[in-house]
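The values are calculated or read from the model by the stated rules, or taken from the named source; none is laboratory data. Predicted model only: the values in this text are computed from it and were never measured. FYI the Cβ positions are ideal-geometry reconstructions off the backbone, even for glycines, and counts take in every protein chain you see.
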Amino acid sequence: MKKKFFVAISILLIAFMITPILGCATRKKANIQTITFPMEKGEQKLSLKVTMPKGWYVSKEKPKEVVYYPSVRKDLYNKKGEFVGYCAILRYDAGIKKFQDVERPEQLYAQVSLANHYQFDVRNSDITDLKYRTVLETKYRRTDVCGVYYSAQLTGSEHEKYNYGILSCRNKTKTYVVFDIERNKTTLKQIKKMAKSITY
């Protein structure tokens, strides 16, 4: 009986010793990427960290201009070198000091949510099947997911296009970042995981 007791205790001790090691190994495997954006003259660059799907990475090229709204973007690629989306940064509109000041998300994200041919659908207008929802919120920042709509005119075909979108705002810098991710390159589960991991 005593022998069985000591064996059980030994197994428990080993388990307690191995668990932290396994946890460290899991953290090391996480694909945490840093995305840095230039800011206005006299301001420090803004960097954010996000956990991306395995093999994804941020382009090392200089930020490009966004076609659909005034901003710059960093492109994202998967391990095959395929384009999977982009991340861009924008500022709060004048008069908005914190995201809690607005009643509706389209007021905060006006620059990316009100166009006819391209928009982050934060109004749940049924143009995409991914409903706008908040996945993380604190006193100082908030992160949301939604669908991203491309009209047939933009896709150059007879069909509209829908991507996954992430929007993450931060009161301290009065900025928000957006991710437009190709829907056929990932899953909603991965998008939510990315969204919840964003820090800056």
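Below is a table of values for the structure above.
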| quantity | calculated |
| --- | --- |
| Residue in segment 71-78 that is outside any strand (DSSP E or B), modelled with pLDDT under 95 and either within 20 Å of T36 (Cα to Cα) or not small (G, A, S) (or both) present | yes |
| Number of positions in segment 143-182 that are within 20 Å of Y92 (Cα to Cα), surrounded by fewer than 21 Cβ atoms within 10 Å (Cβ to Cβ) and not β-branched (V, I, T) | 3 |
| Test: residue in segment 8-26 that is over 14 Å from the mean Cα position of the chain (by Cα), surrounded by fewer than 17 Cβ atoms within 10 Å (Cβ to Cβ) and either at pLDDT 90 or above or in a strand (DSSP E or B) (or both) | no |
| From the options Y164, Y149, residue that is part of a strand (DSSP E or B), of a type in the set (F, W, Y) and in contact with a Leu (Cβ under 9 Å, 6 or more places away or on another chain) | Y164 |
| Segment 120-142, residues that are among the charged types (D, E, K, R) and either part of a strand (DSSP E or B) or buried (at least 23 other Cβ atoms within 10 Å of the Cβ) (or both) | D121, R133, E137, R141, R142 |
| Enumeration of residues in segment 96-109 that are in a helix (DSSP H, G or I) and buried (at least 18 other Cβ atoms within 10 Å of the Cβ) | F99, P105, E106, L108 |
| Filter result for V66 (of a type outside the set (S, T, Y), touching a residue at least 40 places away in the same chain (Cβ under 8 Å), closer than 23 Å to I191 by Cβ and touching a strand residue (DSSP E or B) at 6+ places or on another chain (Cβ under 6 Å)) | no |
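Okay, residues lined up against (1) under 22 Å from I198 (Cβ atoms); (2) among the hydroxyl-bearing types (S, T, Y):
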residue	(1), (2)
I96	yes, no
V112	yes, no
H117	no, no
T138	yes, yes
R141	yes, no
